[in-house]
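A.B. asks: Handing you this structure, nothing more for now.
The values are calculated or read from the model by the stated rules, or taken from the named source; none is laboratory data. Owing to the predicted nature of the structure, the values given are computational and were not obtained by experimental measurement. Please note: Cβ atoms are built from the backbone with ideal geometry, for glycine as well, and neighbour counts cover all protein chains shown. Accessible surface areas use protein heavy atoms only, side chains included; no ligands, DNA or RNA. Shrake-Rupley method; radii C 1.70, N 1.55, O 1.52, S 1.80 Å.
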Amino acid sequence: MSGPGLDPRQLRNAFGAFMTGVTVVTAHDADGRPIGFTANSFASVSLDPPLLLVCIARSSRNYAVFTTASGFAVNVLAETQKEVSNTFARPVEDRFASVDWMTGPNGAPVFPGAAAWFDCTAERVIEAGDHAILIGRVEAFENAGLNGLGYARGGYFTAAMEAKASGAAGEGVVEAAAVAERGGAVLLVEDAAGRLGLPRCTVVEGSAPRRIADLIQGEIGLAATVGFLFSVYQDRAAGRQHVVYRVALGEGTPARGRLVGLDSVPFDRLDSAQTADILRRYAAESALGNFGLYVGNETAGRVHPLPREA
């Protein structure tokens with residue numbers, strides 16, 4: 001897609017393909033109260049001098065404070081701190097009430113439990129469209145040696161989560177499926193018996209995400225952006241491993257199947273109890289904006305919102 005008529009939503013989805021860490025940027029307001037916001041637009045800039053940058057939206061209620069502050073801190077969240085990220089991303093009255101924090105050597109709030117923190121003097125503010133770029137000179141920092149919390153395609157991930165999923169998938173023949181969504185509706189396809197199910201394919205070799213994308217783009221006729229794993233489970237009776245991915249669908253009418261609203265799924269017509277469980281969980285987690293990863297078998301398992309073991 002190119003040209004002046006770029007679709008902002010599609011552009012945001014494309015930007016979301018870049019996997020980032022998650023940070024909380026903090027400072028004190030004019031009355032000395034701690035303030036902060038969640039940001040994944042963070043990058044190191046220079047070692048000599050020690051500079052970093054982070055972006056803040058003009059729409060942020062803290063925009064004026066951060067763009068005029070003498071300093072700020074960037075806290076790189078550990079993989080166990082998803083709730084901290086969620087707290088600082090919501091319009092909570094006192095975001096610091098449930099967070100362990102202290103005043104850093106240069107004066108900004110820092111989180112002792114973070115994977116790392118950087119306490120900075122404000123070096124420069126650059127206006128950039130609907131955001132501003134805050135460039136900070138690092139005056140003090142701490143590295144806890146913990147794994148960081150990751151973010152991509154609208155969801156959190158960690159090294160532990162991906163390792164758990166990969167280990168559960170194992171080797172051999174895998175049946176891959178997709179909870180393919182657009183605008184609150186999921187794609188369901190009909191089998192020869194008239195039952196509805198998820199788009200799926202058998203993967204003997206190669207990449208399951210690539211096979212899912214090829215299936216939806218080739219047979220369904222829609223652009224597909226494959227996100228993170230949603231379920232990994234063993235069907236013991238069939239002796240087959242299943243992996244289910246979250247997929248964002250592009251615009252257009254599907255050549256096969258139909259889009260069904262999450263609030264109107266015909267559960268009595270679904271092809272299996274597993275499909276029903278997957279869609280019920282997807283609807284519930286979608287409403288919360290907080291997806292997890294199910295690992296288990298066809299009847300029992302555990303949803304891992306965020307693995308805490310390293």
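A.B. asks: Could you quote the convex hull projected area for the chain, Cα atoms only and averaged over all directions, in nm²?
C.D. replies: With the hull built on Cα positions only, its mean projection is 18.5 nm².
A.B. asks: Debye calculation, C-alpha points only, no solvent: report log10 I(q)/I(0) for the stretch 36-90 at q = 0.16, 0.19, 0.26 Å⁻¹, in the same order as the q values.
C.D. replies: Log10 I(q)/I(0), no solvent term: -0.57, -0.78, -1.20.
A.B. asks: Another question, if that's okay. Using the Kirkwood radius over C-alpha pairs as Rh, can you work out the diffusion coefficient of the stretch 67-157 via Stokes-Einstein at 25 °C, viscosity 0.890 mPa s, in µm² per second?
C.D. replies: Reported coefficient: 172 µm²/s.
A.B. asks: What is the packing order of peptides 61-73, 124-136, taking the mean over residues of other C-beta atoms within 10 Å and listing the highest first?
C.D. replies: Those peptides, ordered most packed to least, come out 61-73, 124-136.
A.B. asks: Also, quick follow-up: Taking the Cα centre of the chain as origin and charging only Cβ (+1 Lys, Arg; -1 Asp, Glu), how large is the dipole, in debye to the nearest 20?
C.D. replies: That gives a dipole near 480 debye.
A.B. asks: Please work out the average accessible area per residue across the chain, using the 1.4 Å probe convention, and give it in Å².
C.D. replies: Heavy-atom SASA per residue in the chain reads 50 Å².
A.B. asks: In the stretch 227-275, what percent of the accessible surface is made up of carbon and sulfur (1.4 Å probe, ligands and nucleic acids excluded)?
C.D. replies: For the stretch 227-275, the apolar C and S fraction of the accessible surface comes to 47 percent.
A.B. asks: Separate question: Could I have the simple spin-label model distance between residue 64 and residue 267, label points 7 Å from Cα toward Cβ, reported in nm to one decimal?
C.D. replies: About 5.0 nm, to one decimal.
A.B. asks: Within the stretch 11-77, what whole-number % of the accessible surface is contributed by carbon and sulfur, with the 1.4 Å probe and all protein chains included in the calculation?
C.D. replies: Here it works out to 60 percent.
A.B. asks: Give me the percent relative contact order of the stretch 24-129, please, defined on Cα pairs under 8 angstrom at least 6 residues apart.
C.D. replies: Value for the stretch 24-129: 30 percent.
A.B. asks: Additional query: With the contact rule set at Cα under 8 Å and sequence spacing of 6 or more, what percent relative contact order holds for the chain?
C.D. replies: Contact order relative to length: 15 percent.
A.B. asks: Which far-off residues, 5 or more places away or on another chain, put their amide H under 5 Å from the one on residue 29, with H placed in the peptide plane?
C.D. replies: Excluding prolines and chain starts, which carry no amide H, the hits are 35.
A.B. asks: Determine the shape class of the stretch 19-121: with a ≥ b ≥ c the square roots of the Cα gyration tensor eigenvalues, call it rounded for a/c under 1.5, and otherwise prolate if a/b is greater than b/c, oblate otherwise.
C.D. replies: rounded
A.B. asks: Compute the Cα gyration tensor for the stretch 187-310, then decide on rounded, prolate or oblate, letting a ≥ b ≥ c be the square roots of its eigenvalues: rounded whenever a/c is under 1.5, prolate when a/b is larger than b/c in the other cases, and oblate in all that remain.
C.D. replies: rounded
A.B. asks: On to the next question. Among 53, 69, 85, pick out the residue whose Cα is farthest towards the positive end of the charge dipole of the chain, where Lys and Arg carry +1 and Asp and Glu carry -1 on C-beta, about the Cα centre.
C.D. replies: 85
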